[in-house]
Amino acid sequence: MPEDTLLDIQDLHLQFKTFDGTAKVLAGVNLSMRRGDVLGLVGETGCGKTMTALSVARLIPMPPGEITRGRVLFNGEDVLLKSDDEMQQFRARHLGMIFQDPVTNLNPLFSIREQLMDAVLYRQEINGRAAARWRGFMPSVRQKRREAFARVVDLMRLVGIPEAERRIHEYPHQFSGGMRQRVLIAMALAGDPDLLIADEPTTALDVTIQAQILRLIRQLVDQLHLTVLLITHNLGVVARTCERVAVMYAGRVVEEAPVAELFRNPQHPYTQGLIKALPGKHTARGELQNIPGTIPNLNDPPPGCRFHPRCAQVMDVCRREVPGMVTIGPDHHVYCHLHSETP
Amino acid sequence: MTNGSPLLEVRHLKKYFPIRGGFLNRRVGDLKAVDDVSFSVPRGKTLGLVGESGSGKTTAGKCVIRLIEPTAGEIYFDGVDLMTLSDREMRRRRLDMQMIYQSPAASLNGRMTIGQIIAEPLWIHERLRGRQAKERVMELLHVVGLKDEHYYRYPHEFSGGQQQRVGIARALAVNPRLLVLDEPTSALDVSVQAQVLNLLQRLQDEFELTFLFISHDLGVVRHMCDDVALMYMGVIVEVADFETIFEEPKHPYTQALISAIPEIDPAASREEIVLQGELSARQPVQGCPFAPRCPANKLDICETIRPELVEIQEGHQVACHLYPAP
Amino acid sequence: MVEQSESPVQSQYTLASARWENFRRGVYRFRRNMLSMVGLGILVVIIIVAVIAPIIVPYPGDATGDVHPLDRLQAPSSEHYFGTDKVGRDIFSRVLMGTGLALQVGTVIILLAAGIGVTIGGVGGYFGGWIDDILMRFTDIFLTVPALILAIAITAALGRGIINTMIGIALVWWPGFARLTRSLVLSLREEPFVEAARGLGANHARILFRHILPNAVSPIIVKMSTDFGFAVLTAAALGFIGLGAQPPTPEWGAMINDGRAYFPDEWWVATFPGMAIFLLVFSLNLLGDGLRDVLDPRARR
Ligand SMILES: Nc1ncnc2c1ncn2[C@@H]1O[C@H](COP(=O)(O)OP(=O)(O)OP(=O)(O)O)[C@@H](O)[C@H]1O
Ligand SMILES: Nc1ncnc2c1ncn2[C@@H]1O[C@H](COP(=O)(O)OP(=O)(O)OP(=O)(O)O)[C@@H](O)[C@H]1O
Ligand SMILES: [Mg+2]
Ligand SMILES: [Mg+2]
């Protein structure tokens, strides 16, 4: 493992017990991120993008969820082995998360200031506990609040909310969708995280607002040296924002490559299908390519490569064996038997 | 009613929603969701209505088939002004114009089976039921690429793409001539979107349908539409055929929107114009509604006079002071 | 060119089997909720008891007028499990024999109240405007007067007796259903599938009865089940002040009323009918919670 690896997910398996049986939602996810990476995680609805992110933060509801195999190494430590207390500290210190829907993630009853203050004070509390014990005194509550307030205003400026001192006293409903998303980003940044996980941060937004938010994320990456895991189903968003991209299908990563490389030279049949399904400039009438079939039932997933029932180039081995990782070029990996040396 | 006339012609359509507030919830103002919009759709063609959230696309689409009552305007469908029809006449007219909704799951009654859902318009308009109705429903299921066994299932057992197909089958049941498609694929994944778009185009050719295609996704619009109308805060700011819109956009808003399409082809993406600010809920009282966000060099009159939609070329209309009428 | 499409789960369904499948899912969800299973269990026992009471109780005559002055106010014993009351009647027999009456009272009250309430609330919510205003003002009048007092007044006006009690209570009970139905209809009215029905050309009756009300059914049934217990309780309260069932009918409320004078020394006279009421109300409330999960075919888990 290279020195500067921040996050390394290895062979992660996650399942949910339901009425219909056991849904094998993640079946061997491999993903690694270096410090400073901006990695896009793409895939269709239900393929497990959110679940992968939630596993890193250990926020999967258990039960019904259960991680049956795998490791999630963060800075070389396995997150899955931490106690709940350690986990809380870990989340506060190292992770920032933004979720898809900015409306439901802000409490309509509290002002933006109160919610941001809470986020900041909570982080201070967790980070301060050790420090305070060391110094042998606790800073006064007033002083803490003053510091927190200054930090909140800084954060609001950082995410580009104009007139921060005034608007901070407003309530979520007085903010537009784009502004709320900025607040959520500010909240995620409250603890100076090493890793920012953004789960579909622009899906609910308009194209022009989406452009603003993506530009903001890029800016923050340069300014704060963040590492970002950007989850989206929009390949265009990835092209605009990320350096590397991982494509997921039905609970597994199927291809991983630098952005330009992936779009120029997709290797997995699923990735190729996805790219062709986008209406491009010169697609003829009625002739959009689509990937035949539908995503598999995760209670009873196809054996071997999970994509094989929909794959035009399916081989015998695909039905039997899970494809391993094949390296195609620098930083370009694909999980497909077509590329194995010994099929 | 010659064949040369457009199937749908909308003139000066307005829809104001009351803004209530203050003491006793009085009407304190109007939200001009659609403010004096005119367009027409030729037979068998597709007009794309594009704009950001809240620009009034859905409202305009629903007004056109009187699903919501317009505040003012004329809507000529095949030469007849729909606004002059009584409720009852309008109900009977509905077999000519149907709508496909943005959220496929929410537009299907979860307590009815697929068979019952598709048979409903057959009963309402033709009093078909029992065996006859079932045969027609089966036919329609096949037309949209579903199978016999789906007849007895409930909507929640289907994927989004299949639910949208059910919606399309229901709309086709009465042989409509106009389909209003309100973001029919925005809830779907790309590969499923491709299936539904292909289906729509096939049906359009087969049944000579006319589409009013509402979307905020310019990539999809480029693929689907013959003409494109861009809406911003309740007004149309630019209309042209799709090639002109994409190759030579004139209005600064159109230019920004097109530059913001997230293209994956590095060759296709152009210099990104990031607009400042956001769509606010209410229009400025006077001047161009886009003026507060306009990145172009603004003229003085932009703040004071609302620009009219003027034809700058054959079939290309723009509402912007930078392009005065020739 | 016909495109293919695959169903998420390949199977040959028929209408019956689809219904059966949904039913099984419902049962599964219900069973996941332990407390509602407990509620259902208690209720089943209560219903069985109601049916077989005349056969199993030791002194069936005590429910229909027999008196045994010599055995009055005996403490619970192996002969009289729950003791005897002031005229020597076996309380165990009377409580069990009263079960059927309690169930009947609840059923009638709830059906009447729901019938009136759903109609008024549904029509008001759907049409809105002045129709709604009038109907809701009317409902509010009922809501502003304390329910119990109003029920007492109505019953007193109609005359004593169990039938009049039920009518009286139903007449104060419907506003709850009207309010609930109205709020459900108000939100369902805006649902896209209702608008879609309008777009198809459906008329008002069809929209209200085919589309809106079927989707409002679950919360209404849940309310019916939770209210059932309270209706019985209210009937008991009226019995308690002597308005409801007349002696010697073994009505639980009236029995508690009888025992009041002997509390706490002869505690059993009032306690056992009270526990019977408690059990019934309790089981129905637990059951209501579980029904919420069952009745929604979309709530998949
Ligand atoms: N509590 C749960 N019980 C059972 N299955 C679950 C549960 N939560 C999630 N799943 C399943 O896990 C799979 C992966 O879900 P996930 O939310 O990660 O998808 P996603 O890739 O984020 O999709 P989207 O683009 O829709 O957000 C889905 O198929 C979903 O049905
Ligand atoms: N029933 C209503 N009452 C009041 N205001 C409404 C109503 N329906 C829509 N509006 C308002 O009218 C404006 C236009 O809404 P509309 O739904 O037509 O936008 P849209 O272009 O379809 O947006 P989207 O892309 O989000 O669907 C919005 O500001 C909206 O809040
Ligand atoms: Mg997700
Ligand atoms: Mg809309």
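Counting only protein heavy atoms, probe 1.4 Å: which residues of the range B:82-121 lose 50 Å² or more of accessible surface in the full assembly compared with their chain by itself?
B:Arg91, B:Tyr101, B:Ala106, B:Asn109, B:Arg111, B:Glu120
So which residues in the range A:292-307 end up with at least 10 square angstrom less accessible surface once the other protein chains are there, compared with the chain by itself, probe 1.4 angstrom?
Correct list: A:Pro292, A:Gly293, A:Thr294, A:Asn297.
How many Cβ atoms of partner chains, on average, are near each residue of A:260-272 if near means within 10 Å of its Cβ?
Partner Cβ neighbours, averaged per residue: 1.
Exceeding 25 Å between C-alpha atoms, which entries from my cross-link table qualify? They are A:Lys49/B:Lys62; B:Lys57/B:Lys250; A:Lys17/A:Lys49.
From A:Lys49/B:Lys62; B:Lys57/B:Lys250; A:Lys17/A:Lys49, over 25 Å: A:Lys49/B:Lys62.
What FRET efficiency comes out for A:Asp222 versus A:Leu109 if R0 is 41 angstrom and r is the Cβ-Cβ distance? Round to the nearest 0.05.
Here the calculated transfer efficiency is 0.70.
For the protein assembly as shown, count the residues as N, evaluate 2.2 N^0.38 Å, and divide the Cα radius of gyration by that value, please.
Expressed relative to 2.2 N^0.38 Å, the Cα Rg reads 1.11.
Relative contact order for chain C: what is it in percent, counting Cα pairs under 8 Å that are at least 6 residues apart?
Dividing the mean separation by the residue count of chain C yields 25 percent.
Measuring from centroid to centroid over Cα atoms, what is the spacing of the range C:77-150 and the range A:43-59 in Å?
Using only Cα atoms to place each centre, the spacing works out to 50 Å.
Would you mind estimating how fast chain B diffuses translationally, via Stokes-Einstein at 25 °C and 0.890 mPa s with the Kirkwood radius over Cα pairs, in µm²/s?
Roughly 116 µm²/s, to the nearest whole number.
With +1 on the Cβ of every Lys and Arg and -1 on the Cβ of every Asp and Glu, and nothing else charged, how large is the dipole of the range C:50-299 about its Cα centre, in debye rounded to the nearest 20?
Dipole size: approximately 740 debye.
Between B and A, buried accessible area summed over both sides at probe 1.4 Å, in Å² to the nearest 100? Display every interim value, and only then the final one.
Details: alone 16510 and 17240 Å², together 30540 Å².
When B and A are taken together, about 3200 Å² of accessible area is lost.
Can you tell which of C:Ile42, A:Pro193, B:Ile75 lies farthest toward the positive end of the dipole of the protein assembly as shown, using +1 and -1 charges on the Cβ of basic and acidic side chains (Lys, Arg; Asp, Glu)?
C:Ile42
What does the highest-first list of C:133-145, A:86-98, B:94-106, C:260-272 look like by mean Cβ count within 10 Å?
Working: C:133-145: 13.8, A:86-98: 18.5, B:94-106: 22.2, C:260-272: 15.6.
Listed from highest to lowest mean packing, they are B:94-106, A:86-98, C:260-272, C:133-145.
Provide the packing ranking of A:210-220, B:156-166, i.e. peptides ordered by the mean count of other C-beta atoms within 10 Å per residue, highest first. Numbers along the way, then the final one.
On the way: A:210-220: 20.1, B:156-166: 22.5.
Peptide ranking by packing, descending: B:156-166, A:210-220.
May I ask you to give the solvent-accessible area per residue for chain B, in square angstrom, as obtained with a 1.4 angstrom probe?
Per residue, chain B has 40 Å² of solvent-accessible surface.
What are the residues whose amide H is under 5 Å from the amide H of A:Ser32, where those residues sit 5 or more places off or on another chain and H is modelled from the backbone?
A:Ile9
From the Cα gyration tensor of the range B:37-120, with a ≥ b ≥ c the square roots of its eigenvalues, which class applies: rounded if a/c is under 1.5, or else prolate if a/b is larger than b/c, or else oblate?
Oblate, since a/c reaches 1.5 and b/c is not below a/b.
Roughly speaking, to the nearest percent, how much of the range A:182-325's 1.4 Å accessible area is carbon and sulfur?
Of the solvent-accessible surface of the range A:182-325, carbon and sulfur hold 48 percent.
Put +1 on the Cβ of each Lys and Arg and -1 on the Cβ of each Asp and Glu in the range C:50-299; which of C:Gln74, C:Ala157, C:Leu243 then has its Cα farthest toward the positive end of the dipole?
My answer, from the dipole projection, is C:Ala157.
Which whole number gives the average count of other chain Cβ atoms within 10 Å of the Cβ atoms across peptide C:200-209?
Details: counts 16, 13, 6, 4, 0, 0, 3, 0, 0, 0.
Across C:200-209, the average partner-chain Cβ count within 10 Å equals 4.
Provide a whole-number value for the mean count of partner chain Cβ atoms within 10 Å of the Cβ atoms in peptide B:193-200.
Values: counts 5, 13, 9, 3, 7, 8, 5, 1.
Mean partner shielding for this stretch: 6.
Any number yet on Rg/Rh for the range C:122-239, C-alpha, Kirkwood?
On the way: Rg = 17.0 Å, Rh = 15.8 Å.
My calculation puts Rg/Rh at 1.08.
Packing-wise, with mean Cβ within 10 Å as the measure, how do A:221-231, C:106-116 rank, highest first?
On the way: A:221-231: 18.2, C:106-116: 20.0.
Those peptides, ordered most packed to least, come out C:106-116, A:221-231.
For the interface of B with C, what's the total buried accessible surface in square angstrom, probe 1.4 angstrom, rounded to the nearest hundred?
Using a 1.4 Å probe, the pair buries roughly 3700 Å².
Please report, as a whole percent, how much of the solvent-accessible surface of the range C:50-299 comes from carbon and sulfur atoms (probe radius 1.4 Å).
Accessible surface attributable to carbon and sulfur in the range C:50-299 totals 68 percent.
Quick one: helix C:129-144 against the long Cα principal axis of chain C, what's the angle to the nearest 10°, folded into 0 to 90?
On a 0 to 90 degree scale, this one is about 20.
In vacuo Debye scattering of the range C:50-299, one point per C-alpha: log10 I(q)/I(0) at q = 0.07 Å⁻¹?
Rounded to two decimals, the profile gives -0.32.
Rounded to the nearest 0.05, what FRET efficiency do B:Asn297 and C:Ile149 have when you use their Cβ-Cβ distance and R0 = 60 Å? Mind showing how you got there, number by number?
Details: r = 75 Å, r/R0 = 1.25.
Once the sixth-power term is evaluated, E becomes 0.20.
Across the range B:110-120, in residue order, what do the Karplus-derived ³J(HN,Hα) couplings come to in whole Hz, using 6.51 cos²θ - 1.76 cosθ + 1.60 with θ = phi - 60° and x for Gly and Pro?
Each residue of the range B:110-120 in turn: x, 9, 10, 7, 4, x, 5, 5, 6, 6, 4 Hz.
Please report, in debye to the nearest 20, how large the charge dipole of the range C:144-287 is about its Cα centre when each Lys and Arg carries +1 at its beta carbon and each Asp and Glu carries -1 there.
Rounded to the nearest 20 debye, it is 640 debye.
Quick one: 3J(HN,Hα) in Hz for the range A:49-64, Karplus 6.51/-1.76/1.60 with θ = phi - 60°, rounded, Gly and Pro as x.
5, 4, 5, 4, 5, 5, 5, 4, 8, 6, 10, 6, x, 10, x, x
Say R0 is 56 Å: what FRET efficiency, to the nearest 0.05, do A:Met87 and C:Phe23 get from their beta-carbon distance?
Rounded to the nearest 0.05, the efficiency is 0.85.
Take every DSSP beta bridge whose two residues both sit in the range A:188-343, then give the antiparallel share in percent to the nearest 5.
Beta bridges within the range A:188-343, antiparallel portion: roughly 70 percent.
Note down the nm distance, to one decimal, between modelled labels 7 Å out along Cα→Cβ at C:Lys86 and at B:Arg129.
6.1 nm
Nearest 5 percent is fine: what portion of the DSSP beta bridges confined to chain A is antiparallel? Present the calculation step by step, with values, prior to reporting the outcome.
Values: 32 of 50 bridges.
Among the beta bridges of chain A, antiparallel pairing accounts for roughly 65 percent.
The values are calculated or read from the model by the stated rules, or taken from the named source; none is laboratory data. Keep in mind it's a predicted model, so treat the numbers as computed, not measured. Reconstructed Cβ throughout: ideal geometry from the backbone, glycine too, with neighbour counts over all protein chains shown. The area values use the complete protein model at the heavy-atom level, side chains included, leaving out ligands, DNA and RNA. Shrake-Rupley method; radii C 1.70, N 1.55, O 1.52, S 1.80 Å.
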